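Quick notes on the structure that follows.
The values are calculated or read from the model by the stated rules, or taken from the named source; none is laboratory data. Everything numeric here is computed off the predicted structure, so don't read it as measured data. Cβ placement follows ideal geometry from the backbone for every residue including glycine, while neighbour counts extend to all protein chains displayed. These accessible areas exclude ligands, DNA and RNA; they are computed on the full protein's heavy atoms, side chains included. Shrake-Rupley method; radii C 1.70, N 1.55, O 1.52, S 1.80 Å.
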Amino acid sequence: MKLYNSLTGKIEEFKPIEEGLVRMYACGMTVYDFAHIGHGRKYINDDVLRRALVYLGYSVKHVQNVTDVGHLVSDGDEGEDKLEKGARKYGKTVWEVAEFYTKHFYDSMDKLNVLRPDVIAKATDHIKEQIDLIQKLFENGFAYDTPEAVYFDVSHFEGYATLFGRQELEDKKAAVREEVHTDPNKKNPADFALWFKRVGRFSDHVMHWDSPWGDGFPGWHIECSAMSMKYLGDQLDIHTGGEDHIPVHHPNEIAQSEAATGKHPFVGYWFHTTFLTVDGTKMSKSLGNFYTIEDVIEKGYDPLALRYLFLTAHYRKRINFTWDALEAAQNALNRLREFVLVYKSKKTDERTMLSAEKLDKVDHFRAEFGNYVSDDLKIPQALAVLWDVVKSNIPDVDKLDLILNFDEVLGLRLGELETEKINPEVMELEDERSRLRAEGKYEEADKIRDRLASEFGIKVKDK
Ligand code: AMP
Ligand code: ZN
């Protein structure tokens, strides 16, 4: 498989550390507000990646965190605490907020047929692991303490400023000067907090724990290093996130993890989903410009139509969400389901009629689909192969086999469609009618069409 690695900016041949096994970590939700369809896009892309790896023969261990510790609204150490903001907005405690939105997130992902991770790790259940990791950073000389917080000293981590091809530290310093609050004891403006103390602006912080540096709470970045390494080991194969994690969160994860273990690289391949936008701007909780899966359902759409829509754009391409696009995706999915239902109702003995040429075609479709999937997840092209199968002249049973095989990657639940709803007598009549039409016996065919209408209330349309 070839994958784009956002750390190097190149498409690379994927090679896991241990043959056959992929250690995959995904940055999860900050659970202070509803999951929206922008999250849907990110986690569907992760899900397609995971399913693709399994399709290609790997086992995948998939770990995902839940950011349920209150953190600040900006990626830097600035602004309001997100969970406290959510608690105020919805009149709940921070713990209730975290529980409620975690459940909402996973319910939403279930509706999009996103497979649950093997491990779901909550930050609040891993405070000890985070403290241990910070202690390791002290031992290795990368952390320092001020009256306000514990920081990671980026000047000790070689290459920090240029990770992910970022701007030089000087530019970052200029940006940091705009910040509202700066700890006067911070050594470098780009140093980031590993632990905040419950003093000053945080003296009322609701979530807090004891630590060797005093009562307080962890910085945002440390949880992902601590939990990914706890469940997957010091080095991971794939780490996923949204494009917003490229400038701050992921460089910080690399710095913390490698500084603690001394092992390089922390992650073999960085996989980032480009945003779903609405009216050209990022759909986000903090901007409040989002639609939830419930909004999608309320407007009469199937959540899997949203999944279909996301499959039509490459994961590194921006999608601007419109209801018209969702309508088109719903129509395409409906048509696909109709075809699959027809194929499912067909008898299997057609297979014996398969000629060598048709076998070739089946192999060709399968190879083409696999090639697109393994070429940096070219899912829109892979989806087009599925439609080529529909349009082809291979027997319906083989079309069904291929489509259900492809759906292991696409995840549109096509295997779960029920044919029992179609009366077998209706299918027999329809088969007979198609045969008569193919033989040019239109009058007899029309008689069957009339019977289908009068006896079964079914209108037949020939396209
Ligand atoms: P958050 O809880 O906002 O940090 O989001 C959880 C994950 O979803 C992160 O990896 C984000 O990058 C990603 N995400 C949030 N909004 C969007 C969006 N509009 N499009 C794609 N991914 C998003
Ligand atoms: Zn993370």
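Looking at the chain, the DSSP beta bridges with both ends there are about 45 percent antiparallel.
When the Cα positions of M427, L232, I37 are compared along the charge dipole of the chain, M427 comes out farthest toward the positive end, with charges on each C-beta of Lys, Arg, Asp and Glu. Counted over the chain with a bin width of 20 Å, the fraction of Cα pairs per bin, in whole percents, is 22, 48, 22, 8, 1. For helix 94-111, what angle does its Cα long axis make with the longest principal axis of the chain, in degrees from 0 to 90 and rounded to 10? Roughly 30 degrees, rounded to the nearest 10. Stokes-Einstein, applied to the Kirkwood radius of region 245-386 over Cα pairs at a viscosity of 1.002 mPa s and 20 °C, places its translational diffusion at 113 µm² s⁻¹. Take every DSSP beta bridge whose two residues both sit in region 196-344; close to 40 percent of them are antiparallel. Specify the angular offset, from 0 to 90 degrees and rounded to the nearest 10, of the alpha carbon long axis of helix 424-438 from the longest principal axis of the alpha carbons in the chain. So the helix axis and the longest Cα principal axis differ by about 70 degrees. FRET efficiency for the N334 to V206 pair, using the beta carbon distance and R₀ = 56 Å, is estimated at 0.75.
Taking amide H as placed 1.01 Å from N in the peptide plane, the amide H of Y291 sits under 5 Å from that of I37, G38, each at least 5 places away or on another chain. The residues of the chain expose, per residue, 45 Å² of accessible area to a 1.4 Å probe.
In region 1-37, whose amide N lies under 13 Å from the spot 7 Å out along Cα-to-Cβ of S59? List them in ranges. Counting only backbone N, you get 18-23. Distance from the Cα centre of region 386-463 to that of region 88-103, in angstrom? Their Cα centres are 49 Å away from one another.
In order along region 380-392, phi translates into HN-Hα couplings of x, 5, 5, 5, 5, 5, 4, 5, 4, 4, 4, 6, 6 Hz, rounded to whole numbers, per the Karplus curve 6.51 cos²θ - 1.76 cosθ + 1.60 with θ = phi - 60° and x for Gly and Pro. Going down the list K122/K263; K2/K391; K42/K92; K285/K399; K122/K399, which pairs span over 32 Å between their C-alpha atoms? Correct reply: K285/K399; K122/K399. Expressed as a whole percent, the proportion of Cα-Cα pairs in region 356-433 lying more than 16 Å apart is 56%. Once the Cβ-Cβ distance of F138 and K92 is raised to the sixth power relative to R0 = 35 Å, the FRET efficiency obtained is 0.45.
Under the criterion of Cα pairs below 8 Å and six or more residues apart, the relative contact order for the chain equals 18 percent.
Where the centre of each part is set by its Cα atoms, how far does region 266-285 sit from region 5-75, in angstrom? Taking the Cα centre of region 5-75 as reference, the centre of region 266-285 is 11 Å away.
The helix-only estimate of mean residue ellipticity at 222 nm for the chain, built from DSSP H runs of length n ≥ 4 each weighted as -39500 (n - 2.57), is -14500 deg cm²/dmol after division by the residue total. Annotation: peptides 124-130, 357-363, ranked by per-residue average of other Cβ atoms within 10 Å with the highest first, follow the order 124-130, 357-363.
Between I120 and K346, take the C-beta separation as r, use R0 = 30 Å, and let me know the FRET efficiency to the nearest 0.05. Given R0 = 30 Å and the Cβ-Cβ separation, E is 0.15. Helix 323-345 and the longest principal axis of the Cα set of the chain meet at an angle near 50°.
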